[in-house]
Amino acid sequence: MSKPEPIWQHLPFHFKEDVVSYLDFKSKCSLRMCSKDDQKVVDSRPITIDYFGLNLTERPVDDVHKNTPAEIVLRDKDVTMSKFFSPHSAIVYFMKIFKLDKKFKVNTLNIHVWNYNLHSNHFKFFKNFLECMNTEKVRPKIRNFELPTSFMDEKQLESLVRAVNIEHLETMSLGCATRFQLENLARSEQWTKVKALKLHTRDQIDPRWVSHIQRLNIRVGKLSPGCISSLLKDLLSNNVPHGSFISVSTYYPVVNTRNATLNNIFKKLPFTAKNDQIDLATITNSTIKKFLESPLYTQKIQISDENNLLFVIICERGFGALVCRDNYFEDDLKSFICE
């Protein structure tokens, strides 16, 4: 019986490219090291991974990772890889991965540094991180940027966001940010590019910063009637698709003198205010987000797209607006207000 000949080597190049497109990142890296021909095949296709995470925190003295507190997690398809590094080595590895190929992209990049303030470690880590990005000319191509880290330094947050390539950026999620940081970020190309934004601040926001956002999920210190009015006006005037929403929870009450505040919110809007008093609990039949539990005001509003409508809900410590499908109102509402 003759010895079977290897199949892979004799496949046409475009067949190999198709096979490579189905491989996870780890398998692509393994194949790339097999031969120069395989390296060419892998490099001919754009490399995209689902998730890249960098987590760094102060470890206990007796922790096995005391000297390697930085964890890098790569997730692609059904494969997850995780490895611990020293902070400096994690930075080097990050740069190496993002310089792997000019076409390399990440769907979600998550950088989370917390409880790492001893000896100004937090500031030093991001100082080195940003210097390396600048030196190596690394501008990560990402679709979703998750940055739950709080920055004590006013400039580091802005510098990190501005270092991201804007070509594929769609969504951004930020940890606790100050008004000064947000004001500077709002001037960046990256900020104006995103259509979905999640953030947390103990300050007030300027509605002009988020007028272009189609899916806004924020927690703020205070929310004035004028700000709610402006957010609603922008949502109505931008002709946004169904699924667009505003979700705002507050530390302090939105409504103190209820009727007077509601009047201030709606007096400049192009529709007649009318409290529909919709029973959310009956519609959803499940747990509602806490800040939307006891609505003071609810209304369905017809918009220019006859297939959609705008649903508005105002509570004592929250405000929401959802562009939903008229025929699937209850289904869309459930996905918006339920935990």
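For the reader, a short list of remarks on this structure follows.
- Residues within the range 54-79 that are among the aliphatic types (A, V, I, L, M) and in contact with a Lys or Arg (Cβ under 8 Å, 6 or more places away or on another chain), tallied: 3
- Checking Tyr116 against (1) within 21 Å of the chain's Cα centre (by Cα); (2) part of a loop (DSSP other than H, G, I, E, B), the condition it does not meet: (1)
Quick grid of which residues meet (1) over 24 Å from Lys66 (Cα atoms); (2) of a type in the set (Phe, Trp, Tyr); (3) at pLDDT below 95:
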{"residue": "Lys96", "(1), (2), (3)": "no, no, yes"}
{"residue": "Phe104", "(1), (2), (3)": "yes, yes, yes"}
{"residue": "Thr108", "(1), (2), (3)": "yes, no, no"}
{"residue": "Asn115", "(1), (2), (3)": "no, no, yes"}
{"residue": "Leu118", "(1), (2), (3)": "no, no, yes"}
{"residue": "Asn121", "(1), (2), (3)": "no, no, yes"}
{"residue": "Glu131", "(1), (2), (3)": "yes, no, no"}
{"residue": "Lys137", "(1), (2), (3)": "yes, no, yes"}
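Residue-wise test of (1) within 17 Å of Leu223 (Cα to Cα); (2) touching a residue at least 60 places away in the same chain (Cβ under 8 Å); (3) out of contact with any strand residue (DSSP E or B) (no Cβ under 9 Å at 6 or more places or on another chain).
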site: Pro270; (1), (2), (3): no, no, yes
site: Asn275; (1), (2), (3): no, no, no
site: Tyr297; (1), (2), (3): yes, no, no
site: Asn308; (1), (2), (3): no, yes, no
site: Glu316; (1), (2), (3): yes, yes, no
site: Gly320; (1), (2), (3): yes, yes, no
site: Tyr328; (1), (2), (3): no, no, yes
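- In the range 157-165, the condition of being closer than 30 Å to Ser304 by Cα and among the β-branched types (Val, Ile, Thr) is met by no residue.
- Residue selected from the range 87-114 under the condition within 16 Å of Tyr51 (Cα to Cα) and β-branched (Val, Ile, Thr), by the criterion surrounded by the fewest Cβ atoms within 10 Å (Cβ to Cβ): Thr108
- Taking the range 70-86 as the range and being touching a residue at least 40 places away in the same chain (Cβ under 8 Å) and either crowded, with 18+ Cβ neighbours inside 10 Å or not in a strand (DSSP E or B) (or both) as the test, the residues that pass are Leu74, Asp76, Lys77, Asp78.
- Counted as qualifying within the range 254-339 are the helices (runs of 4 or more DSSP H) with 1 or more residues that are closer than 22 Å to Cys227 by Cα and charged (D, E, K, R), namely 258-266.
To keep it simple, each residue is scored yes or no on (1) in a loop (DSSP other than H, G, I, E, B); (2) under 28 Å from Leu269 (Cβ atoms).
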{"site": "Ser173", "(1), (2)": "no, no"}
{"site": "Gln181", "(1), (2)": "no, no"}
{"site": "Leu197", "(1), (2)": "no, yes"}
{"site": "Asp203", "(1), (2)": "yes, yes"}
{"site": "Arg219", "(1), (2)": "no, yes"}
{"site": "Ser230", "(1), (2)": "no, yes"}
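The values are calculated or read from the model by the stated rules, or taken from the named source; none is laboratory data. The structure presented is a predicted model; accordingly, all values stated were derived computationally and were not measured. Neighbour counts run over all protein chains shown; Cβ positions are idealised from the backbone, glycine included.
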